């Protein structure tokens with residue numbers, strides 16, 4: 001290349017000032033666009049929010065169901081609008097659970113959602129001990145209330161009433177007395 005911008009064979013070099021102008025300028029406003037090209041209409045297919053969603057229909061007898069599990073206990077909970085009756089295996093809640101802690105845990109679900117005294121609850125529970133059974137009822141009651149009124153989903157989830165507790169008893173291991181305990185070590 002020489003000082004005058006020519007290549008040795010006589011061709012000129014392209015410089016930034018010599019860039020070719022665009023062949024066609026795109027229209028700036030939609031009114032200047034060609035009428036033959038139309039934008040496709042896209043319909044909104046996103047689901048409605050939970051607060052707007054229609055309530056689910058109750059099962060037979062007007063009950064809304066929810067199943068809860070904790071440790072080895074399984075609770076089948078039914079909820080319907082009523083006057084606040086709470087039956088566990090055809091017995092009153094205070095008769096079935098003797099510990100005040102269990103009463104408070106179960107009633108806390110109803111109090112935080114504002115449904116205490118406004119719904120009837122019937123529970124069938126099998127397996128586990130009283131702590132596992134109370135935890136299973138809390139989860140089942142949360143799921144049943146979500147089916148009863150979908151707008152309660154946010155409150156139930158915020159307080160952890162829709163989350164299953166995965167903790168279970170760890171199995172005993174062979175060659176030791178329990179799951180983690182070891183026999184005393186003897187060096188010799």
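The values are calculated or read from the model by the stated rules, or taken from the named source; none is laboratory data. Here the structure is a predicted model, which means the values were calculated and not measured. Here the Cβ is made from the backbone with ideal geometry for all residues, glycine too, and neighbour counts use every protein chain on show.
General observations
- Condition check for residue 54: more than 23 Å from residue 117 (Cα to Cα), touching a helix residue (DSSP H, G or I) at 6+ places or on another chain (Cβ under 7 Å) and either modelled with pLDDT of 70 or more or not in a helix (DSSP H, G or I) (or both): no
- Flag for residue 171 being loosely packed, with under 13 Cβ neighbours inside 10 Å, at pLDDT 95 or above, out of contact with any helix residue (DSSP H, G or I) (no Cβ under 9 Å at 6 or more places or on another chain) and over 12 Å from residue 79 (Cα atoms): yes
- Options 115, 94: the member that is out of contact with any helix residue (DSSP H, G or I) (no Cβ under 6 Å at 6 or more places or on another chain) and surrounded by 17 or more Cβ atoms within 10 Å (Cβ to Cβ): 115
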